[in-house]
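Accompanying notes for the structure given below.
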Amino acid sequence: MSDHSRSRWDRSLPRRINLHVPLAGARDLSGQIHRRIRQAILDGLLEHGQLLPSTRDLAGQLCVSRTTVGTAYDRLLAEGLVKGRVGVGTFVTASPARRSRTAPPPSPLRPARLWATLPTSRGPAGTDVRFDLRPARPDPWQFPFATWRSELSRHTNADTLRSADGPGGVGGPAALRSALARHLGVVHGIDAEAEDVVVTTGSRQAVELAARVLLEPGDLVAVEEPGHRDVAALFTSLGLRVVPVPADGDGLVADAIPPGVRCVYTRPARHFPLGLTMSDGHRRALLDWAARAGGVIVEDGHDGEFRHVGRPLDPLRALDPSGRVLYVGSLSRLLRPDVRVGYLVAPAPLHDALHKARRVLDPSPPTPVQLAAAAFVRDGQLSRHVRRMRAVYAQRRERMIGAATRRLGEHVVVHPAPAGLDVPALFRDPRLDDVEVARRAATAGVSVAAISDLTLTGRYRGLLLGFGALPADRVDEAVTLLRLAVETP
């Protein structure tokens, strides 16, 4: 048989499994092996058609004779649980329904008290999601798969994999850091060198790195209220004390930051979840606070690229004259959630500590992914994709605002957020339970977020209507189902 024919033959066979068969003592070894495998088949752990290890391999693994394993296999064969094929091996032939297994004894372990105080995250309810209205989600099917696959293939080889352990790997590949620094300068007016950029596995890790390097347990961190509950939970899990600061129609109110606050986390480009854009005056007031109080600002550039109304405002990092702003960004938010590449832009005095912290937490995204991202940004593919998707999302936004106003207007006030991939629809009747409405919507196949579930205090109630992952021609049907969920008693 030729090597080519053999490889095709091998691929047509089920893969052998690595079977764990614990043995107790030295008595009745064949019986122990038989009972362990038999029980695994009856419990459904070994399924019909699976190829068991050869008698030679299992004997070597268990340090017993081949005859001992062969005797166990013969008993399984006699019971009709397995079948042998000459030249191939021994297969499982039984297909029993998975039986309920004996519950293990209760564990005495309990989480630390902190985790009982944090909010419980609710994922998208229901399994049959026909309409994805979750917030801040780009359309995964608009992703340029062919280009990305080509770049991944080009950078998945021995040389690039060896480079993961090379110099400069802790902050991310130099190619990606340079490409991101150049992109930030051109698109956002942020003056940064490659050395200022630390590549992360997403924006959340970037925020965590900033907090770990800058703050001590017990320090005060200010966040917008309403604001992102999960980010506040992250700070709390690090032993920091979270202080809500009100946001008005122009964004976070700097004059309301209480004394003693060391750090402010904010999303000036697009407030979450109400969609506000921080005005130029509020931005400069916040920078004045940082200079006056000796504080630091962690600026999350969330959704800054997808601005639909008016001219984009300068990021705080671009306006910062004193080096007190750290900028957080993410390619996942622009491309696909599973790309998992984010970054943090920080001043030189923090570089060494950030590299140490990232090494402790998580070295980096996979090297081929980082290098593919570098080429994607450097060659202009990212900018072209964002320009194209900005037009697509603008159309979907208008469709969502129109449909929500027409079909839900008597129940909600729609706030046409000028940027981002979702629009908030606040309930007119504060007695409406937005979590229950979202649950009813999920049973109808619509995945949508309840605003009270996303904020610190739950004071605002409504639905955050994501349009990024929903084609424009499906918006009306989705909103019609939402209306039924709202009006169902």
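For (1) farther than 19 Å from Val221 by Cβ; (2) out of contact with any His (no Cβ under 7 Å at 6 or more places or on another chain), each residue gets a yes or a no:
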position: Ser279; (1), (2): yes, yes
position: Gly295; (1), (2): no, yes
position: Asp303; (1), (2): yes, yes
position: Pro315; (1), (2): yes, no
position: Val325; (1), (2): no, yes
position: Gly329; (1), (2): yes, yes
position: Arg333; (1), (2): yes, no
position: Arg336; (1), (2): yes, yes
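Within region 222-232, can one find any residue that is modelled with pLDDT of 95 or more, surrounded by fewer than 20 Cβ atoms within 10 Å (Cβ to Cβ) and more than 19 Å from Thr277 (Cβ to Cβ)? Among the residues of region 222-232, not one is modelled with pLDDT of 95 or more, surrounded by fewer than 20 Cβ atoms within 10 Å (Cβ to Cβ) and more than 19 Å from Thr277 (Cβ to Cβ), which makes the answer no. Taken over region 451-474, residues that are under 19 Å from the mean Cα position of the chain (by Cα) and either surrounded by fewer than 21 Cβ atoms within 10 Å (Cβ to Cβ) or of a type in the set (Gly, Ala, Ser) (or both) amount to 4.
If you go through region 451-465 and keep only what is touching a residue at least 24 places away in the same chain (Cβ under 8 Å) and over 11 Å from Pro424 (Cβ atoms), you end up with Asp453, Leu456, Thr457, Arg459.
Could you list, in sequence order, the residues of region 475-489 that are among the β-branched types (Val, Ile, Thr), surrounded by fewer than 21 Cβ atoms within 10 Å (Cβ to Cβ) and farther than 13 Å from Glu436 by Cα? Thr480 - this is the single residue of region 475-489 that is among the β-branched types (Val, Ile, Thr), surrounded by fewer than 21 Cβ atoms within 10 Å (Cβ to Cβ) and farther than 13 Å from Glu436 by Cα.
Of the numbered criteria (1) more than 25 Å from Pro244 (Cα to Cα); (2) under 26 Å from the mean Cα position of the chain (by Cα), the one Ala404 fails is (2). Just one of (1) more than 21 Å from Ser332 (Cβ to Cβ); (2) out of contact with any Cys (no Cβ under 9 Å at 6 or more places or on another chain); (3) not acidic (Asp, Glu) fails for Leu220. It is (2).
Scanning region 374-417 for residues that are surrounded by fewer than 16 Cβ atoms within 10 Å (Cβ to Cβ) and touching a Lys or Arg at 6+ places or on another chain (Cβ under 7 Å) gives a single hit, Val413. Comparison of Glu477, Glu410, Glu398 shows that the only residue that is out of contact with any Pro (no Cβ under 6 Å at 6 or more places or on another chain) and either more than 26 Å from Pro140 (Cα to Cα) or among the aromatic types (Phe, Trp, Tyr) (or both) is Glu410. Each residue in region 320-345 was checked for being at pLDDT 95 or above and more than 26 Å from Ala372 (Cα to Cα), and 2 pass. For region 233-265, the tally of residues that are part of a helix (DSSP H, G or I), within 29 Å of the chain's Cα centre (by Cα) and buried (at least 21 other Cβ atoms within 10 Å of the Cβ) stands at 1. Residues in region 443-466 that are out of contact with any Ser or Thr (no Cβ under 7 Å at 6 or more places or on another chain) and basic (Lys, Arg): Arg459 only. Got at least one residue in region 418-432 being surrounded by 21 or more Cβ atoms within 10 Å (Cβ to Cβ) and over 27 Å from Leu276 (Cβ atoms)? No; the residues of region 418-432 include none that is surrounded by 21 or more Cβ atoms within 10 Å (Cβ to Cβ) and over 27 Å from Leu276 (Cβ atoms). Scanning region 193-223 for residues that are over 16 Å from the mean Cα position of the chain (by Cα) and assigned to a loop (DSSP other than H, G, I, E, B) yields Glu193, Leu215, Glu216, Pro217, Gly218, Asp219.
The values are calculated or read from the model by the stated rules, or taken from the named source; none is laboratory data. As the structure is a prediction and not an experimental result, all values here were calculated from the model. Positions of Cβ are backbone-derived with ideal geometry, glycine not excepted, and every protein chain shown enters the neighbour counts.
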